[in-house]
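Step one of this worksheet: look at the structure below.
The values are calculated or read from the model by the stated rules, or taken from the named source; none is laboratory data. Keep in mind it's a predicted model, so treat the numbers as computed, not measured. Because the Cβ atoms are built from the backbone with ideal geometry, glycine has one as well, and the counts that use them run over all protein chains shown.
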Amino acid sequence: MLDDKNSGNYLKGRGAQFNPHNRFAANSYVQEHAEGIDDWEVENQRTTFIIGTSKSIVNKVDSPDVGMAYSLNPYQGCEHGCTYCYARNAHEYWGFSAGLDFERKIIVKKDAPELFKKFLERKGWNAETISLSGNTDCYQPAEREYKLTRQLLEIALAYKQPIGMITKNSLILRDKDILQEMAKLNLCMVYVSINSLDEKLRLVMEPRTTTAKQRLKVVEELSAAGIPTGVMVAPIVPGLNDHEIPTVLRTIASCGAIGAGYTVVRLNGAIGGIFEDWLRQNFPDRFDKVWHMIQSCHGGNVNDSRFGDRMRGDGNIAQMIRDTFKLHCRLNNLNTVKVTLDSGIFSVPTQQTRMFL
């Protein structure tokens, strides 16, 4: 792969600025001298969509601290370009880089609706809640064209299958009609990701996402429609957005959110180099401070794989974040209502009904 990390040309609208080596790839290549006689292929800056095929679409989640038992991801890779995204590492399994490839080469699982129906019709399925999406955002820009998430929701409603959702894209409002019908049957819960109200920070950290103002509108509209809605204030990056916790929680509560959660940033695998490069380029004056604060949350490292600690961190700074979050959730009456989705009304539609799905 061509490593353009030191090219000097900042790619606006992208989070990662280079393609780190794929740990599963046997070979890599770099451009040693830009002025050399070798002809280098200039990588297309536009996003490309790759139609993928899968044997299954619903994945069992074994991690005990992610709050979901099953996940469903109609897309692999994500054009949002969030620099910290843990899903970047998964792109390496497909033969791509966790860097720019993750943002520019999106795998579209067009067979997801049929595979979903096939999964739901398995013998013994007990209708546990399935999360859309546990990996990449199911409302990323590709959804406008492919409409896979809407099809999946239509199927979930027909089968009375409970669904949890998390997104940072206002496109979810397109499907408010389906979500409202599901909510009437206690079949859905939506979380919106909002980790900052600072538009300048969002533009560089989450370059192709919708604005915080639009995400607050999502919380407000879904809540008003009777759809239980919470907010994930994630990730918290100490030294960058941790000071916003009180304001974010107060604001989302005023918009109708009933719950909130958070994670502390962790930079596993290739994400460490991507985030370090981003932080040096965008916040050179506070790089050392932020980097060391992240390390202090993970036992001196920026990555952490320990169940229980990896999402929240440990140490003094992580404890301060935890205490601040709990205090302001309490002050704003967040997390006082527990939503338990109904798995008891699940049923496979009749053959005649299925003809219309």
Pick from Leu173, Leu157, Leu153: which is among the aliphatic types (A, V, I, L, M) and in contact (Cβ under 8 Å) with a residue 40 or more places away in the chain? Leu173
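Which ones in segment 77-124 are under 19 Å from the mean Cα position of the chain (by Cα), in a helix (DSSP H, G or I) and charged (D, E, K, R)?
Arg88, Glu92, Asp101, Glu103, Arg104
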When only residues in segment 267-310 that are free of Cβ contacts under 8 Å to residues at least 12 places away in the same chain and part of a helix (DSSP H, G or I) count, which is surrounded by the most Cβ atoms within 10 Å (Cβ to Cβ)? Gln295
Working carefully through the options Arg330, Arg312, find the one that is under 30 Å from Glu220 (Cα atoms) and in contact with a Lys or Arg (Cβ under 8 Å, 6 or more places away or on another chain). Arg312
Given the conditions (1) closer than 25 Å to Gly13 by Cα; (2) among the aliphatic types (A, V, I, L, M); (3) buried (at least 20 other Cβ atoms within 10 Å of the Cβ), which single one is not true for Met232? (3)
Testing Asn186 on (1) out of contact with any Asp or Glu (no Cβ under 6 Å at 6 or more places or on another chain); (2) surrounded by fewer than 22 Cβ atoms within 10 Å (Cβ to Cβ); (3) farther than 19 Å from Tyr262 by Cβ, one condition comes back false. Which one is that? (1)
Listed by first then second residue, the pairs whose first member lies in segment 110-124 and is under 14 Å from Gln161 (Cα atoms), whose partner is in a helix (DSSP H, G or I) and of a type outside the set (D, E, K, R), with beta carbons under 7 Å and at least 6 positions apart or on separate chains, are Pro113/Leu148; Pro113/Gln151; Pro113/Leu152; Pro113/Ile155; Phe116/Leu152; Phe116/Ile155; Lys117/Ile155; Leu120/Tyr159
Look through segment 291-317, keep the residues that are modelled with pLDDT of 95 or more and of a type in the set (Val, Ile, Thr), and return whichever of them is farthest from Glu276 (Cα to Cα). Ile317
Can you find a residue in segment 34-48 that is assigned to a loop (DSSP other than H, G, I, E, B) and modelled with pLDDT of 80 or more? yes
Gly261 is checked against (1) among the small types (Gly, Ala, Ser); (2) farther than 16 Å from Ala234 by Cβ; (3) surrounded by 13 or more Cβ atoms within 10 Å (Cβ to Cβ) and fails just one. What number does that condition carry? (2)
